[in-house]
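To keep things clear, I will list the structure first and then write my remarks on it.
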Amino acid sequence: MDVFAVFNKNPLADRQAIKLDYQLINGYLILKADANDTSVFVQGNQVTPSSYGDGVGETSTLPRFLERYLLLATVADFYKADGQLEKAVQQEQMAEETLALEIDRVERLEGMNKISVNTYPSYSFGVNILTTT
């Protein structure tokens, strides 16, 4: 899981949440030694196990950008099994469209971190000969 930020409270629900300094070492979240918080809120890019169950004995490595696609594809599969083919086709189209949009978004985000180096063409046309005596 990529960790984007760590807060002392849920920043989506509480405006007084404070962003904490942290380090990731061998998959462990390490806070400063003087931190006295008993619980933290981590923002990352994977769906937590508690999002789809009680979290007991469950592990999930589901990236967040695939969440909506998988939900729509699951509903489409349910409609197929139930014999509702028209609804299944609609859900499959929505799932494929969602996947295409998410892949496009990821590709655009990857391009934002590239360093572009501009080069300028040489303005000397032909061969320059330097003569010395």
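The values are calculated or read from the model by the stated rules, or taken from the named source; none is laboratory data. Remember, it's a predicted structure, so these values are computed and weren't measured experimentally. A quick note on method: Cβ atoms are made from the backbone with ideal geometry, for glycine too, and the neighbour counts reach across all protein chains shown.
Looking only at the stretch 83-101, count every residue that is of a type in the set (A, V, I, L, M, F, W, C) and surrounded by 15 or more Cβ atoms within 10 Å (Cβ to Cβ) and tell me the total.
Total meeting the criteria: 4.
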Query raised in the report: How about the stretch 1-29: which of its residues are over 15 Å from Gly44 (Cα atoms) and either assigned to a strand (DSSP E or B) or under 17 Å from the mean Cα position of the chain (by Cα) (or both)?
Result: Ile25
Query raised in the report: Failed condition for Pro49, given (1) modelled with pLDDT of 75 or more; (2) surrounded by 14 or more Cβ atoms within 10 Å (Cβ to Cβ), with all others met?
Result: (1)
Query - Residues of the stretch 65-118 classified as in a loop (DSSP other than H, G, I, E, B) and at pLDDT 90 or above, total - result: 2
